[in-house]
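Everything below concerns the one structure shown next.
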Amino acid sequence: MARTTIGIVLNGVTGRMGYRQHLVRSLLAIREQGGLPLPDGRRLWPEPVLVGRSETKLREIAQRHGLTEWTTDLPAALARPDVQIYFDSQVTAQREKALRLAIEAGKHIYTEKPTAEDLAGAVELARLADASSIKHGVVQDKLFLPGLRKLDRLVRGGFFGRILSVRGEFGYWVFEGDWQTAQRPSWNYRAADGGGITVDMFPHWHYVLEQIFGRVATVAAHVTTHVPHRWDEAGERYDATADDAAYGIFEIERPGQDGRIVAQINSSWSVRVYRDELVEFQVDGTEGSAVAGLRNCRIQHRASTPKPVWNPDLPATEDFRDQWQVVPDNEEFDNGFKAQWELFLRHVVVDEPYSWDLWAGARGVQLAELGLRSAREGRRIEIPDLDAGQA
Ligand SMILES: NC(=O)c1ccc[n+]([C@@H]2O[C@H](COP(=O)([O-])OP(=O)(O)OC[C@H]3O[C@@H](n4cnc5c(N)ncnc54)[C@H](O)[C@@H]3O)[C@@H](O)[C@H]2O)c1
């Protein structure tokens, strides 16, 4: 079968996301299945060019996976004519300038979120990319999770009737790093290095809410740093200058529905899990409700809704969790990162439609920026539409 090779610079491939999700679970998984099938029968073969700061780490990753192309020289990688796509999963603070270089080099862009540290930077990137006619995409992996795919299916199928509210609970305890090592990198807790849970998670919540429910119209957030000191990768104690918990309320305008949906989402790295999954969304509508996690989704229809009566003098007599019904898979779900890579690759090579672009990424950055402003100023903020003529 004819094979077409596409060169992809992977910058930040030594990091958690770059290595595990994007290289191993996505691009190498595509190679393991013989390449990505294209509509004309060809197979697209991704050829990673690993880019990073440490020769030793890059060489080690390349050798482990039988790859030959790696360099610490980003401009040289971008100058290669066999490279068509630049992918960025570096720490957030390094992203914008690298994306600009790649756009200038005429490469298509695929990138982790947040696309930039502030809205002005994110909008400028989207404008520059449009102006140079390259294709661009931003990782929106949560949309491809089985639990959220099932939730989306319920919404599109009209299960909920009028949707009233969304309650999201995300988080887990991230160890401080002293008596047990932290399971997230320390830059996440330093504002100067692009850390903070608001800039990390609000871009995710933006695309989840926008894609499944409708336009995010307002934000009101309370943001805090619950754990003030942590210990870094070298065991050194440092001040946590970035927020580790964000409590957000968002109003959503849903096309064809009167009244805004109220979404409340708690995001925290300082919370212990008493849930079935690390993120869960409960959606309540006039006709039914659902609770969706990463993998699972349960529903309760109006007709099977019990009628609990408040009486604190008596112990609970019902098992409320038992009163929900499991939504079946009804399809196979691939790794979410891989599924989105495949869509982006087909967008680049055979021009299939793709909507999760740098403008979508900028709207996520906008929500984070306005969420932080809302918290600082103690008020709810309307979210203006972004378009190419406005920053
Ligand atoms: N889509 C998701 O679900 C998801 C989840 C976690 C993180 N992310 C995003 O992915 C990006 C990377 O996060 P991660 O958790 O993989 O981080 P990480 O610390 O594990 O990896 C960061 C990478 O950036 C590189 N880097 C380049 N310049 C650097 C510098 N000056 N200081 C430190 N590292 C530098 C590192 O070498 C490494 O390859 C972030 O932008 C983050 O917001 C996305």
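The values are calculated or read from the model by the stated rules, or taken from the named source; none is laboratory data. Please read all numbers here as calculations on a predicted model, not as lab measurements. Cβ atoms come from the backbone with ideal geometry, glycine included; neighbour counts cover every protein chain shown.
Computed values, structure above
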{"item": "Filtered residues of region 7-16 (kept if crowded, with 17+ Cβ neighbours inside 10 Å and either assigned to a helix (DSSP H, G or I) or modelled with pLDDT under 95 (or both))", "result": "none"}
{"item": "Residue list for region 259-290, filter: within 15 Å of PHE213 (Cα to Cα) and in a strand (DSSP E or B)", "result": "ILE261, VAL262, ALA263, GLN264, ILE265, PHE281, GLN282, VAL283, ASP284, GLY285, SER289, ALA290"}
{"item": "Matching option when the condition is within 13 Å of the ligand (Cβ to nearest atom) and either free of Cβ contacts under 8 Å to residues at least 24 places away in the same chain or in contact with a Ser or Thr (Cβ under 7 Å, 6 or more places away or on another chain) (or both), among ARG184, ARG190", "result": "ARG190"}
{"item": "Counted residues, region 121-150 - those being in contact with a strand residue (DSSP E or B) (Cβ under 9 Å, 6 or more places away or on another chain), in a loop (DSSP other than H, G, I, E, B) and within 14 Å of the ligand (Cβ to nearest atom)", "result": "2"}
{"item": "Residue in region 51-68 that is surrounded by 24 or more Cβ atoms within 10 Å (Cβ to Cβ) and either touching a residue at least 60 places away in the same chain (Cβ under 8 Å) or at negative phi (or both) present", "result": "yes"}
{"item": "Residue check for ASP284: over 30 Å from VAL199 (Cβ atoms), more than 21 Å from the chain's Cα centre (by Cα) and not basic (Lys, Arg)", "result": "no"}
{"item": "Flag if ARG53 is within 15 Å of the ligand (Cβ to nearest atom), over 20 Å from the mean Cα position of the chain (by Cα), at pLDDT 95 or above and in a loop (DSSP other than H, G, I, E, B)", "result": "yes"}
{"item": "Any hit, region 21-44, residues being farther than 23 Å from HIS108 by Cα, within 13 Å of the ligand (Cβ to nearest atom) and of a type in the set (Lys, Arg)", "result": "no"}
{"item": "Residues of region 97-120 classified as within 14 Å of the ligand (Cβ to nearest atom) and assigned to a helix (DSSP H, G or I), total", "result": "4"}
